[in-house]
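The values are calculated or read from the model by the stated rules, or taken from the named source; none is laboratory data. Not measured: the values here are computed from a predicted model. We place every Cβ from the backbone using ideal geometry, glycine too, and count neighbours over all the protein chains shown. Areas reflect the complete protein model, heavy atoms only, side chains present, ligands, DNA and RNA absent. Shrake-Rupley method; radii C 1.70, N 1.55, O 1.52, S 1.80 Å.
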Amino acid sequence: MHGPDRDFWQQRFAQRQMPWDRGAPGPQIEPWIADGTLTPGLRIAVPGCGSGHDVLALAEAGCKVTAIDYAEAALTLTRERLAAAAATADLEQADVLTWQPARPFDALYEQTCWCALHPDHWQAYALQLQRWLRPGGRLLMLAMQCQRPSAAEGRVEGPPYHMDIQMLRALLPATQWSWPAAPYERVAHPIGWTELAIVLTRR
Ligand SMILES: C[S@@+](CC[C@H](N)C(=O)[O-])C[C@H]1O[C@@H](n2cnc3c(N)ncnc32)[C@H](O)[C@@H]1O
């Protein structure tokens, strides 16, 4: 299997080379709190939580957050961030491709974990997301849009890997997931690309 491994991410955090890190929570969290998508008491998982800005924002919104990352340095930053704000969340050092929760979640916040995985892992990851959610649970997805010219030659480049909407429809099929109608909100990312904000419901 191709793509970055745990040591790659560990090094990035240890050396503070984190261009994806907004230094703040994802801007879509606020609208999702305002429109009732995110509510106090919601059991939500954050796969690939990184330095934990989103984990803290969700915890402060009253959600019961489980943060998963396999890079120890990421979890250390998340732990410190939570402690500084006297907030709490469950932290799991684990591989998102194999980890299983004790019971399914109400929601998942998928912010640049999927696009950090090489496409060789996407089918397995899509199945994990489905397993982690209870029926009726929601996948709050920020789908990274970063197609490069080399894709026209069939090359796969990343991370981040471009999350093509047609590929997402194939991996999260309408038989298992309820898709809202497009167009989707476009959320700017500081590294110059955009993310599509999509809320899917697990059937
Ligand atoms: C691009 S960063 C995004 C971090 C955070 N979500 C954000 O938006 O700032 C990708 C994160 O996913 C984690 N990650 C990548 N592959 C993983 C895997 N297979 N299992 C667990 N964590 C993984 C990395 O350690 C890193 O923290």
Quiz item: Which numbered condition trips up residue 141, out of (1) free of Cβ contacts under 8 Å to residues at least 60 places away in the same chain; (2) surrounded by fewer than 21 Cβ atoms within 10 Å (Cβ to Cβ); (3) among the hydrophobic types (A, V, I, L, M, F, W, C)?
Solution: (2)
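Within the range 24-40, does at least one residue satisfy the condition of being within 22 Å of residue 119 (Cβ to Cβ) and either more than 10 Å from the ligand (Cβ to nearest atom) or not aromatic (Phe, Trp, Tyr) (or both)?
Here is the first cut: in the range 24-40, the ones within 22 Å of residue 119 (Cβ to Cβ) are none.
No, the range 24-40 has no match at all.
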Self-check item: Selection from the range 51-74 of residues that are assigned to a loop (DSSP other than H, G, I, E, B), open to solvent by less than 20 Å² (accessible area, probe 1.4 Å) and in contact with a strand residue (DSSP E or B) (Cβ under 7 Å, 6 or more places away or on another chain)
Solution: 52, 63
Self-check item: Selected residue (only one of 38, 42, 56 is closer than 21 Å to residue 141 by Cα and without any contact (Cβ under 8 Å) to a residue 60 or more places away in the chain)
Solution: 56
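Could you pull out the residue among 138, 131 that is over 23 Å from residue 2 (Cβ atoms) and either aromatic (Phe, Trp, Tyr) or in a strand (DSSP E or B) (or both)?
Working: 131 fails: either aromatic (Phe, Trp, Tyr) or in a strand (DSSP E or B) (or both).
Answer to the check: 138.
From 12, 43, 22, which residue is touching a strand residue (DSSP E or B) at 6+ places or on another chain (Cβ under 8 Å) and not hydrophobic (A, V, I, L, M, F, W, C)? Even if it seems obvious, please write down each step before you answer.
Numbers: 12 fails: touching a strand residue (DSSP E or B) at 6+ places or on another chain (Cβ under 8 Å); 22 fails: touching a strand residue (DSSP E or B) at 6+ places or on another chain (Cβ under 8 Å).
Result of the check over 12, 43, 22: 43.
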Quiz item: Pairs under 7 Å by beta carbon, first residue away from the ligand (no atom under 13 Å from the Cβ) in the range 93-115, partner among the aromatic types (Phe, Trp, Tyr) and modelled with pLDDT of 95 or more, six or more apart or different chains?
Solution: 101/132; 104/132; 105/132
